[in-house]
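Accompanying notes for the structure given below.
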C-alpha cells in the first residue's frame, strides 16, 4: 500500500487524575493531579494536555517545531475547540479531525498517506 513505510518515531502522552490512578499510569509521560489543571474550564485544561503532549513528542523525537509540516489531531468536543486552540498556540499547520472514538486511527491513516 505504501511506497515508504510510515512509522511513529516519538510520542507524548499526558493525562489527569483518572489516568494517574489507572493501571496504565506508568505509560504516561506527564500526569496532572488537578483535573482542571488550574484552568477555569475543561476545554482550557484539555488544550494544555494537547500542547504538552505535542511538546513532549517533539522533545523525545529531537524534532524542532519548525520541522513539522502538519498536525493531524482532534478531540471529543463537538467543535474540536481544545485541539484547535492548541494548534494555534503550537503554530503548526493543522488538520482538525473529528471521528469520535475513531479520531486517533483517522489521524494515523491520513498522516500515513501524507508522508507517503
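Every number in this text was worked out from the coordinates using simple rules, so none of it is lab data. The structure displayed is predicted, hence computed values, not measured ones.
Given the options 89, 14, 103, state which has the largest fluctuation in a GNM of the chain using a 10 Å cut-off (strictly under) for Cα springs.
Comparing 89, 14, 103 in the GNM, the peak value goes to 89.
Please report how far the C-alpha centroid of the range 86-101 lies from that of the range 1-59, rounded to the nearest whole angstrom.
14 Å
Which of 15, 99, 74 moves most in a GNM of the chain, Cα contacts under 10 Å?
With Cα springs under 10 Å in the chain, the top fluctuation among 15, 99, 74 is at 99.
Note the per residue figure in Å³ for the convex hull of the C-alpha positions in the range 14-115.
Measuring per residue, one finds 110 Å³ for the Cα hull of the range 14-115.
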